[in-house]
Structure formats: structure tokens, C-alpha cells
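Working notes for the structure below.
The values are calculated or read from the model by the stated rules, or taken from the named source; none is laboratory data. Every value quoted in this text rests on a predicted model; they were computed, and no experiment measured them. Quick reminder, even Gly has a Cβ in these numbers, built from the backbone with ideal geometry, and neighbours come from all protein chains shown. Remember, those area values only see protein heavy atoms, side chains included, never the ligands or the DNA or RNA. Shrake-Rupley method; radii C 1.70, N 1.55, O 1.52, S 1.80 Å.
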Amino acid sequence: MNDRKKRSQPALLMDFNLKTHQGQRMCQWMDYRLKNLLFMLEVVYSENQSLHDLSTNAIKEISQEFESLDQNLQHFLDAMPQPNNNKASIRYNKPKNFTIQCTTPQVITYVNILKNYDLLIQKCDRLWLTQQWGRMESRKPIHEWGQIISKSISFCSELFAPLRSQYIQYRKLQHSDDEENKPNDQEQS
């Protein structure tokens with residue numbers, strides 16, 4: 001397939017709501033950093049003979065990283081104390097709806113991570129507002145999980161960078177070969 005042609009790109013649309021500002025920022029950052037990276041690995045690089053095995057291995061490692069992160073975050077949420085006052089509800093002033101276009105299967109997992117991260121923030125806020133935790137105690141898990149998620153994103157980028165460099169080199173070679181094989185207009189005159 002000629003890389004210059006537009007390709008049909010299917011996307012599974014995932015609609016969800018994030019209540020917290022921190023969750024919304026994490027969503028925008030993760031989606032910006034990962035969606036195209038995953039599509040390039042899963043579709044574009046895997047179609048290149050020389051990058052296929054490396055791309056497949058990178059996708060496998062990223063999938064394992066996301067699944068582990070999702071499970072660990074879920075376990076942490078399950079282990080958190082329940083608020084004493086179950087009748088009191090918590091409301092945020094600017095919840096926001098998101099639609100993420102899942103162009104690879106891995107995007108579905110990071111959407112779940114985002115929803116759980118937002119839920120973590122809500123639980124921490126509720127524990128603080130019901131006076132079970134102090135303010136600093138309620139911020140600690142949010143900060144720690146933000147760092148854990150950031151490290152996972154960096155891990156994905158580290159797997160992607162060498163493949164991207166190789167792909168750029170491949171495209172340059174392909175472009176120079178095309179230029180050499182192109183008929184010279186002066187020779188035809």
C-alpha cells in the first residue's frame with residue numbers, strides 16, 4: 001500500500017464522563033501522547049516488513065503495561081476505605097463528557113485507566129470532605145498514581161522512539177530511491 005494514500009481508519013467511539021479537573025487533564029494528556037503512537041505501532045509500522053516484529057513486541061509490552069496498571073489501580077481503589085457518611089453525595093462544578101476514538105484495542109484499556117483515575121480522585125476528595133483523611137493525606141494517592149501513569153506513558157514512548165527513528169530512515173531511503181528512479185525531464189527533451 002502506498003503510504004501517501006489516505007487509509008480507512010476505523011474507530012470505536014467510547015463516551016464517558018470525567019468529573020474531576022485532574023482526571024480531565026490526564027485524559028487529554030494520555031490521549032494526545034498515546035493514540036497516534038498506538039496506531040502507528042499497530043497499523044503503520046506492523047505493515048513494514050523490517051519493523052513488523054519490533055512493532056508486534058512493542059504492542060505486546062504496552063498491552064501488558066496497561067493491563068497491569070489497570071489491575072493495580074483497581075486493586076488500590078478496592079482497598080481504599082469507604083466514606084463513613086454514605087448518604088452525602090459529592091458534586092464537581094465542571095464535569096466533562098469525552099468521546100475517545102479507539103483506533104487500536106489498547107486505547108480501550110487506557111480509557112478504563114482514566115475512568116479509574118477519576119474515581120480515585122473522587123474517593124480521595126470524599127474521604128477528605130467527610131473528615132476521614134486530612135487534606136495532605138487525600139492528595140498523596142492522587143499524586144502517586146499520577147506519577148505511576150506518567151511512568152507508563154514514558155515507557156510506551158521509549159518503546160516507540162527507536163521504531164519511529166527506523167521508520168523515518170526507511171521513508172528517507174524509499175524517497176531517495178523514488179527520486180533516483182524518476183525520469184529526468186531534461187533527458188526527455
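Results, tabulated for the structure shown:
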| item | result |
| --- | --- |
| Measure of compaction for segment 89-176 (Cα Rg per 2.2 N^0.38 Å) | 1.61 |
| Electrostatic dipole magnitude of the chain [Cβ: Lys, Arg +1; Asp, Glu -1; Cα centre; debye, to 20] | 1300 debye |
| The chain - mean residue ellipticity at 222 nm from DSSP helices (-39,500 (n - 2.57) per run, n ≥ 4, rounded to 500) | -23000 deg cm²/dmol |
| Per residue convex hull volume, Cα atoms of segment 6-79, in Å³ | 113 Å³ |
| Charge context of residue 100, other residues only, Cβ under 12 angstrom, K/R +1, D/E -1 | 0 |
| Degrees between helix 135-181 axis and first principal axis of the chain (Cα, 0 to 90, nearest 10) | 10 degrees |
| For the chain, the spread of Cα positions along each principal axis, largest first, Å | 86, 28, 24 |
| Exceeding the 18 Å Cα-Cα cut-off - candidates 19/123; 123/151; 60/115; 19/115 | 123/151; 60/115 |
| Å² of accessible area per residue within segment 48-179, as computed with a 1.4 Å probe and no ligands counted | 60 Å² |
| Accessible surface of residue 15 - all protein chains present, 1.4 Å probe, nearest 10 Å² | 120 Å² |
